[in-house]
1. Quick check: anything in the range 131-139 more than 16 Å from ligand 1 (Cβ to nearest atom), out of contact with any helix residue (DSSP H, G or I) (no Cβ under 6 Å at 6 or more places or on another chain) and not small (Gly, Ala, Ser)?
2. Being more than 15 Å from ligand 1 (Cβ to nearest atom), free of Cβ contacts under 8 Å to residues at least 40 places away in the same chain and surrounded by fewer than 16 Cβ atoms within 10 Å (Cβ to Cβ) narrows it down to one residue among Arg69, Arg40; which is it?
3. I need every pair where a residue in the range 293-321 that is touching a residue at least 24 places away in the same chain (Cβ under 8 Å) and in a strand (DSSP E or B) has its Cβ under 6 Å from the Cβ of a residue that is among the hydroxyl-bearing types (Ser, Thr, Tyr) and more than 14 Å from ligand 1 (Cβ to nearest atom), sequence separation at least 6 or different chains.
4. In this structure, does Gly179 turn out to be touching a Ser or Thr at 6+ places or on another chain (Cβ under 6 Å) and either at positive phi or surrounded by fewer than 18 Cβ atoms within 10 Å (Cβ to Cβ) (or both)?
5. Given the structure, is Val176 over 23 Å from the mean Cα position of the chain (by Cα) and more than 16 Å from ligand 1 (Cβ to nearest atom)?
6. Does Ala229 satisfy the criteria of being surrounded by fewer than 17 Cβ atoms within 10 Å (Cβ to Cβ), modelled with pLDDT of 90 or more, at negative phi and not assigned by TED's automatic domain parsing to the domain that holds His309?
7. So Leu111 clears everything in (1) more than 16 Å from ligand 1 (Cβ to nearest atom); (2) buried (at least 17 other Cβ atoms within 10 Å of the Cβ); (3) in a helix (DSSP H, G or I); (4) of a type outside the set (Phe, Trp, Tyr) except one condition, right? Which one?
8. Of the numbered conditions (1) out of contact with any strand residue (DSSP E or B) (no Cβ under 8 Å at 6 or more places or on another chain); (2) surrounded by 15 or more Cβ atoms within 10 Å (Cβ to Cβ), Leu189 satisfies every one except a single condition; which is it?
Amino acid sequence: MNPCIVYLAQNSERDTQYGRDSRSMLEQSLDLLYEHYNDRFRHPVLIFHEGDFKEADQLAVARDRSEIRFEEIHFEVPDFLPLEEVPDTWQGFHPYGMGHRHMIRFYSIQLFDILRDLGFDFYFRMDDDSFLHSPIEYDLFEFMERGGYDYGYRVDVRDGVDVCRGFGETVHAYLVSEGIEPQFFYEHLKRQSLLGATTRRGVNGFKNLVKRALMAIDPERSYGLWHYAPVPASRDRLRYDRWGYYNNFHITRVDFWHRPEVQSFLRHMDRIGGGYKYRWNDLILQSTAVQIFLPKRKVYKFTDWTYEHATIKDETLFFGGIYPGRDDADGTAVRRFKTRYGKTRTAQTR
Ligand SMILES: Nc1nc2c(ncn2[C@@H]2O[C@H](COP(=O)(O)OP(=O)(O)OP(=O)(O)O)[C@@H](O)[C@H]2O)c(=O)[nH]1
Ligand SMILES: [Mg+2]
């Protein structure tokens with residue numbers, strides 16, 4: 001096995017998407033990764049960047065940790081997508097810039113070829129906002145190999161409605177056209193009767209009314225409203241439940257992603273350009289590929305160590321959280337997180 005750990009990073013004290021101090025977060029994430037894992041296992045750590053980490057920055061980030069190396073990459077909207085179809089900023093519930101959408105393509109499409117060309121056959125991903133809080137005393141890659149697993153993750157997640165619009169139906173059309181019987185994707189894409197859809201609409205319409213009223217009374221308040229595409233004319237409609245793997249940490253065998261049927265699926269979705277046009281993200285695309293092509297016994301959920309990945313806005317926990325490990329003796333990080341944000345995680349994750 002020739003495994004590695006992968007980051008995509010930005011040398012910025014204020015990143016363009018969230019205004020976060022990406023550089024400091026990266027350093028903190030690496031320190032925790034080394035303290036709790038990589039001091040022991042010494043896997044290569046590849047930090048992909050767009051040329052903004054100069055030599056001095058690279059030395060400062062790597063310090064004496066010789067396994068850390070920087071790999072420069074450059075992002076562009078792929079040639080097959082007419083630029084006029086790709087908005088500079090995707091305007092949904094939250095706006096997403098071009099860098100974020102390049103990141104989506106990097107993690108869902110491009111990374112597998114890059115790693116194979118560099119000679120790596122297994123990797124795990126960390127983000128600058130991924131923090132490992134418990135010691136892990138076994139080699140994660142050996143664990144995957146011994147168990148015969150092809151994909152591992154730490155947290156289940158349900159992604160937002162507005163970043164998945166049309167995604168489940170598109171995947172379904174592909175499966176039908178290709179005659180593919182998925183392993184367990186249909187647990188996540190079910191028929192919903194018109195009656196069920198109408199009831200749901202009614203309930204959510206009422207929630208919208210209440211939210212609008214609260215926002216009218218107090219303009220400081222901000223709530224997300226439910227939106228619906230028109231109900232199709234058929235009696236039944238498909239309902240994608242948007243559950244997948246919070247892939248800001250995931251561990252996987254590179255080979256799996258090069259299976260011809262997996263590549264065909266990824267390329268098909270890539271050509272549609274959903275990442276750039278509709279902000280269908282790497283999380284749902286990657287999770288769906290797993291749910292279509294891997295039997296459950298090849299997918300493993302880690303629960304023993306504490307992991308944090310949280311989107312914070314104005315000191316409020318907006319998405320994600322901290323996930324206490326089953327075997328974690330010291331819950332300091334969890335307690336600190338809870339004190340600061342009032343809870344450990346948002347309801348869309350578990
Ligand atoms: N070089 C580069 N890195 C990026 C860019 N956008 C995001 N990244 C990095 O890619 C990783 C994932 O990006 P995040 O902004 O954390 O995206 P995310 O995890 O899907 O979103 P959150 O769940 O809100 O954190 C992080 O390490 C980012 O620093 C970009 O435009 N350029
Ligand atoms: Mg992140």
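The values are calculated or read from the model by the stated rules, or taken from the named source; none is laboratory data. All values reported here derive from a predicted model rather than from experimental measurement. Using ideal geometry, Cβ is built from the backbone for each residue, glycine included, and neighbour counts are taken over all protein chains shown.
1. Within the range 131-139 (the criterion being more than 16 Å from ligand 1 (Cβ to nearest atom), out of contact with any helix residue (DSSP H, G or I) (no Cβ under 6 Å at 6 or more places or on another chain) and not small (Gly, Ala, Ser)), the answer is yes, since at least one residue qualifies.
2. Arg69
3. Sorted first by the residue in the range 293-321, then by its partner, the pairs are Val299/Tyr151; Tyr300/Tyr149; Leu317/Tyr341; Gly321/Thr344.
4. No: the conditions fail for Gly179.
5. For Val176, the condition - over 23 Å from the mean Cα position of the chain (by Cα) and more than 16 Å from ligand 1 (Cβ to nearest atom) - is met.
6. no
7. It is condition (1) that Leu111 fails.
8. Failed condition: (1).
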